[in-house]
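The values are calculated or read from the model by the stated rules, or taken from the named source; none is laboratory data. Just so it is clear, the model here is predicted, and its values are computed rather than measured. Neighbour counts run over all protein chains shown; Cβ positions are idealised from the backbone, glycine included.
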């Protein structure tokens, strides 16, 4: 029997959200600058998808992503992430790291700023390694 196909949950200029059959959400950021409203919409839909499915795991593909702006970073740390953890069950994030060194630094800063929330992030260079870790949970 063939594997169930993944389902596109949401897409805009900031990225795409996929519901993966093994039971995790996948966020693929697009390259280039982001419109803040589209960025917030993408992540808001990610929270909704986690809640809707009752999932706690997300693969965040940042390979093509540009660095978070200070406004985006503040919003993630102070609003989005606390809500995703508290209200939507987000517990495990497998991050396929960005090629852009400034995006990597911004993500590292975000992880350090949100350690008290009780979720776990792991960074990976390869998509397959990120998937393997999520499936082991």
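Suppose the filter is under 25 Å from residue 31 (Cα atoms), crowded, with 16+ Cβ neighbours inside 10 Å and more than 12 Å from the chain's Cα centre (by Cα); does residue 125 pass it?
Numbers: under 25 Å from residue 31 (Cα atoms): yes; crowded, with 16+ Cβ neighbours inside 10 Å: no; more than 12 Å from the chain's Cα centre (by Cα): yes.
Answer is no for this residue.
Can you tell me which residues in the stretch 1-20 are at pLDDT 95 or above, assigned to a loop (DSSP other than H, G, I, E, B) and surrounded by fewer than 17 Cβ atoms within 10 Å (Cβ to Cβ)?
So the first thing to find is which residues in the stretch 1-20 are at pLDDT 95 or above, and the list is 7-20.
From the residues that got through so far, the ones that are assigned to a loop (DSSP other than H, G, I, E, B) too are 13-14.
Within the stretch 1-20, 13 is the sole residue that qualifies.
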Legend entry - In the stretch 23-55, the residues that are closer than 13 Å to residue 91 by Cα and either exposed (fewer than 14 other Cβ atoms within 10 Å of the Cβ) or touching a residue at least 40 places away in the same chain (Cβ under 8 Å) (or both): 24, 47, 50, 54
Inset, instruction - Can you tell me which residue within the stretch 1-22, out of those that are in contact (Cβ under 8 Å) with a residue 24 or more places away in the chain and farther than 27 Å from residue 74 by Cα, is nearest to the chain's Cα centre (by Cα)? - result: 20
